[in-house]
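Report on one structure; see the data block that follows.
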Amino acid sequence: MPQTTSSSSPFEDDAPEPDAPAAPTAQASTDALDSLLDEIDDTIQTNASQFVRSFVQKGGQ
Amino acid sequence: MMFGEVPPAQEVDPARRIMGLETEFGLHFDAPQSRAVTPEEVAGHLFHSVVEWGRSSNVFLTNGSRLYIDVGAHPEYATAECDSLTDIVAYDKAGERIVHDLVAKGEARLAAAGLEGSIYLYKNNTDSAGNSYGCHENYLVRRRADFKAFASVLLPFFVSRQIVTGSGCITRTPQGAHYSFSPRADHMWEGMSSATTRSRPMINTRDEPHAHADLYRRMHVIVGDSTMVEPTTRLKMGSTDLLLRILEARLTLPELALANEMQAIRTIAHDVTGAATVELADGRHMTGADLQEACLTAVRERLDDVIERTVETEQVLDLWARGIAAVRSGDDSQVATELEWAVKFRLIERYRERLNCSLDDPRLARLEMAFHDVSPTRGLFNRLQADGLVSRVVAEEDIVRATTEPPATTRAALRGRFVREALASGRDYTVDWVHLKLSGTEPRTVLLKDPFRNLDERVDVLLASLDG
């Protein structure tokens, strides 16, 4: 009963319609991306190489 | 003593499927000034609060899910049994929150042991040395004598679905770096087998249904990438479920058997233009998009037939089609907020332009790690989502609820309630996927063999005994 389980689900009303992905306009999203990159730039650039190399862990499944 | 008669399995609509996701998280302790420390030691401190709560580092939570430390000191979270795509996405996302919530206390314990640093948990699939860990999908399927033939029909789908459901990554080689669809593709060595860590197969055939074994078995899929973007996770689980429904109705899927699955999965992974072709067993050559298109068409042909047309199904088919079109056209703008590889490539490419560097620059590797960081404040995926740059399919409050409450419609509802009430009573108990046991002078065990059953009088009686 997918209809029963999904339509009775309280989450259903929050799901976007298939034809209406909630995406901002291209320019607005590029601006938002740039300002996010501005904010994280220092963190990313500080000792990037050492930080990356220090993440080694045995494999899992 | 076993408690009460195990009730017979319920009649279940074929469209209702039990699904679960197991995620191994990467564990990284960044402490440049401290002495060397093993991942096992960090994991021990990280899980100290889990042990305090549940007297073990391998516990079932009140949301019905399992939390433990797996091979290689990876924190692992296995979602409770879910029977809708919305639930599976919500419980998978809840797992990111649950492991993150261990970090502050873990760091405090490490600091008390003289190890000042920060714990990072990544929902990704590789470390910087190329070790891999997984995200495993579980689908409960109706038992049949020809399981291996049944499952092997899906291998071309699993090999090629990375063009839509892949997490995307930078692949570094001695010749330079390039984008790939899937970080997991290079770590697959077999189509199907019962092994996991020794030789990773795409489908693991270990027969552990955690349910009425005469009716069901588990299809355990190892080939997927861990995904954080909600629409991508929904597509990954939803497309697989739709193909399983066709096979369970004893209908056939198009004949797409590959000449060499191991080679094909790598060929498709490493060509994000989508132009690379792979050879089929019958000598034909097809692209990853061709293979996915054939699967999508097979599903569409069964709409209103064995596949009921629901809003959720339409959403899966819509994104599946747009993802294939994006790969074919080389224009990912129509899926840039919904498919994880496209979200990541856009982020990496924008940053690469700013730095004016090559793709193998370590700062871009650092950026990838930041993307998969589960921290709500530090993690880049979470920040992109908060800024509206990534689409969502579940509401924030539903994820928050899923961190403590079990799914209402499956066996997990019984387990979650049992864990909550047994803990509150102070009684000793043990629990696994199919057993609820109260220990003590008169031990009582309830066996739950039907994962679709969310109500059970035996559990009511068992829990009533806690008050007595």
(request) Looking at (1) within 14 Å of chain A (Cβ to nearest Cβ); (2) open to solvent by less than 40 Å² (accessible area, probe 1.4 Å); (3) of a type in the set (Phe, Trp, Tyr), find the lone condition where residue B:189 falls short. (result) (2)
(message) Among the residues of the range B:61-73, what is the count of those that are more than 13 Å from every other protein chain (Cβ to nearest Cβ) and open to solvent by 10 Å² or more (accessible area, probe 1.4 Å)?
(response) 3
(request) Sort through B:52, B:22, B:41, B:76 and tell me the only one that's within 13 Å of another protein chain (Cβ to nearest Cβ) and within 27 Å of residue B:424 (Cβ to Cβ). (result) B:76
(message) Criterion first (open to solvent by 50 Å² or more (accessible area, probe 1.4 Å), within 30 Å of residue B:75 (Cβ to Cβ) and more than 14 Å from chain A (Cβ to nearest Cβ)) does residue B:362 satisfy it?
(response) no
(message) Tell me yes or no: at least one residue of the range B:215-235 is buried (at least 17 other Cβ atoms within 10 Å of the Cβ) and over 22 Å from the mean Cα position of the chain (by Cα).
(response) no
(message) free of Cβ contacts under 8 Å to residues at least 40 places away in the same chain, crowded, with 19+ Cβ neighbours inside 10 Å and over 21 Å from the mean Cα position of the chain (by Cα): which single residue out of B:438, B:380, B:414, B:389 fits that description?
(response) B:438
(message) Quick check on this structure: which one of B:259, B:264, B:281, B:275 is open to solvent by less than 10 Å² (accessible area, probe 1.4 Å), over 29 Å from residue B:392 (Cα atoms) and either under 25 Å from the mean Cα position of the chain (by Cα) or free of Cβ contacts under 8 Å to residues at least 60 places away in the same chain (or both)?
(response) B:264
(message) Go through the range B:7-36 and report how many residues are modelled with pLDDT under 90 and crowded, with 16+ Cβ neighbours inside 10 Å.
(response) 3
(request) Determine, yes or no, whether residue B:93 is at pLDDT 95 or above and within 24 Å of residue B:181 (Cα to Cα). (result) yes
(request) Hey, can you tell me all the residues within the range B:299-313 that are farther than 22 Å from residue B:329 by Cα and either open to solvent by less than 20 Å² (accessible area, probe 1.4 Å) or of a type in the set (D, E, K, R) (or both)? (result) B:299, B:301, B:302, B:304, B:305, B:307, B:308, B:309, B:310, B:312, B:313
(request) Inspect all residues belonging to the range B:6-28 and state whether any of them is part of a helix (DSSP H, G or I) and touching a Cys at 6+ places or on another chain (Cβ under 9 Å). (result) no
(request) Identify the residue in the range B:452-468 that is assigned to a loop (DSSP other than H, G, I, E, B) and open to solvent by 60 Å² or more (accessible area, probe 1.4 Å) and, among all such residues, is modelled with the highest pLDDT. (result) B:455
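The values are calculated or read from the model by the stated rules, or taken from the named source; none is laboratory data. Keep in mind the model is a prediction, meaning the values are calculated, not measured. All Cβ positions, even for glycine, are placed from backbone atoms using ideal geometry, and neighbour counts span all protein chains on display. With ligands, DNA and RNA removed, areas are computed over all heavy atoms of the protein, side chains included. Shrake-Rupley method; radii C 1.70, N 1.55, O 1.52, S 1.80 Å.
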